[in-house]
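Asks: Just passing along the structure, written as structure tokens.
The values are calculated or read from the model by the stated rules, or taken from the named source; none is laboratory data. Model, not experiment: these values are computed from the prediction. Cβ placement follows ideal geometry from the backbone for every residue including glycine, while neighbour counts extend to all protein chains displayed. To get the accessible areas, we keep the full protein, side chains included, count just its heavy atoms, and leave off ligands, DNA and RNA. Shrake-Rupley method; radii C 1.70, N 1.55, O 1.52, S 1.80 Å.
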Amino acid sequence: MTSHDDSGGTYPAGRALVAAEAAGDEMTVEGALRPRTLDELIGQSRVRDQLGLVLEAARSRGRPPDHVLLAGPPGLGKTTLAMIIAAELSAPLRVTSGPAIQHAGDLAAILSSLAEGEVLFLDEIHRMSRPAEEMLYMAMEDFRVDVVVGKGPGATAIPLEIPPFTLVGATTRSGLLPGPLRDRFGFTGHLEYYEVDELDEIVRRSARLLEVQITDTGAREVASRSRGTPRIANRLLRRVRDYAQVRADGVVRQDIAQAALNLYEVDEEGLDRLDRAVLDALCRRFGGGPVGVSTLAVAVGEERETVEEVAEPFLVRRGYLARTPRGRVATPAAWRQLGLAPPTDVAFGQAPSLFDDDCGAGEGNAG
Ligand SMILES: Nc1ncnc2c1ncn2[C@@H]1O[C@H](COP(=O)(O)OP(=O)(O)OP(=O)(O)O)[C@@H](O)[C@H]1O
Ligand SMILES: [Mg+2]
């Protein structure tokens, strides 16, 4: 059995989904668990209401809506929302990403082949090349691109009309987008981490789709350890299901969920290995900071981007870490999380450090 989605893709449902899941087909399962309409979307009520209005107005005018930018940490639903936008508009969806567009010509080829009203989803838009970005400005504003033919002094720019379309850009780093690009989006949706109640609903919905038996308290346990992130909730659900099948009778009860998540090193607050490694390095090795993010990344053996885009936003949100102009600083809550007493001799955020590598001056106290 399969279910059809309006973006042209087909995802398995029922038995076929359970089979895909058993085969470890991550992409298929992620796709199949995505809500398809704004009504089906759980949480993000602000973005949902705002976007609902933008789409409704566009539908009633019979015109493609303004360009939409979706910003937020990984796994919160940007791709899901892009697909929902196309589905709600009954428009075809074209998917590409910043890293895939290295030359302006790549973008020109995509833009010139769009159908009228098509939704162009540009994932990781902050990673697009500069020349492509400049072409995109013109396309977004005037539905026109200049295609350069030839090289050197003989090169000529041929203007090319493109049909009205809607760009949906997604980024985990809206701060990296140049102002002129940001300004050309008529609507920006900032996705927030989810509340436990919302994740609870997501876990129960996914359990239904994957035919996993889970109790209310079991679902609650998974939800509360999901780091505010639906993708993680779905992943943890599948890991606790494995545990329940191998070590118990297959039903995910609270004690089973707890035991499984402890095994996978996900703590009660949802902090995972990387989160704890970052806090641990910050407090134990750098005295609570301030320390530059590159140094911190080296200390935990990760890429700087991973620390910045994956670990930090959640730690900041939970009040464990502060980003200051001079570097990252542990809050008293971070020390307590590690079972350590916060230092009392230095005020929060004032600890001098020799390790600021990329956040301005490396010495003295903050003013
Ligand atoms: N509001 C939601 N309700 C239910 N499930 C959701 C919701 N948002 C996301 N999900 C689930 O979480 C998974 C990840 O979402 P999605 O791929 O849209 O995240 P993303 O923001 O695009 O992440 P990335 O930045 O890594 O591309 C999806 O498979 C979907 O099932
Ligand atoms: Mg995505």
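Asks: Are there strands (runs of 3 or more DSSP E) fully within the stretch 142-196 with at least 1 residues that are without any contact (Cβ under 8 Å) to a residue 60 or more places away in the chain and among the polar types (S, T, N, Q)? List them.
Replies: Filter on the stretch 142-196 gives 156-161.
Asks: Report yes if some residue within the stretch 60-72 is touching a residue at least 40 places away in the same chain (Cβ under 8 Å), touching a helix residue (DSSP H, G or I) at 6+ places or on another chain (Cβ under 9 Å), among the acidic types (Asp, Glu) and farther than 21 Å from Leu181 by Cα; otherwise report no.
Replies: No, because not a single residue in the stretch 60-72 is touching a residue at least 40 places away in the same chain (Cβ under 8 Å), touching a helix residue (DSSP H, G or I) at 6+ places or on another chain (Cβ under 9 Å), among the acidic types (Asp, Glu) and farther than 21 Å from Leu181 by Cα.
Asks: Looking at Leu93, is it within 25 Å of Leu181 (Cβ to Cβ) and near ligand 1 (Cβ under 9 Å from one of its atoms)?
Replies: No.
Asks: Considering only the stretch 279-310, how many residues are more than 23 Å from Thr229 (Cα to Cα) and assigned to a loop (DSSP other than H, G, I, E, B)?
Replies: Adding up the residues that qualify gives 7.
Asks: Further question on the same structure: Out of curiosity, is Leu76 of a type in the set (A, V, I, L, M) and out of contact with any Lys or Arg (no Cβ under 7 Å at 6 or more places or on another chain)?
Replies: So Leu76 fits the description; yes.
Asks: Checking the conditions here, which among Arg253, Arg317, Arg239 is closer than 24 Å to Glu30 by Cα and within 26 Å of the chain's Cα centre (by Cα)?
Replies: Of Arg253, Arg317, Arg239, the one residue that is closer than 24 Å to Glu30 by Cα and within 26 Å of the chain's Cα centre (by Cα) is Arg239.
Asks: Moving to a separate point now. Hey, any hits in the stretch 198-212 for a residue that's closer than 18 Å to Asp123 by Cα, open to solvent by less than 40 Å² (accessible area, probe 1.4 Å) and touching a Lys or Arg at 6+ places or on another chain (Cβ under 9 Å)?
Replies: No, the stretch 198-212 contains no residue that is closer than 18 Å to Asp123 by Cα, open to solvent by less than 40 Å² (accessible area, probe 1.4 Å) and touching a Lys or Arg at 6+ places or on another chain (Cβ under 9 Å).
Asks: Specify which of the listed residues (Glu133, Glu161, Glu116) is open to solvent by less than 60 Å² (accessible area, probe 1.4 Å) and of a type outside the set (Lys, Arg).
Replies: Glu133
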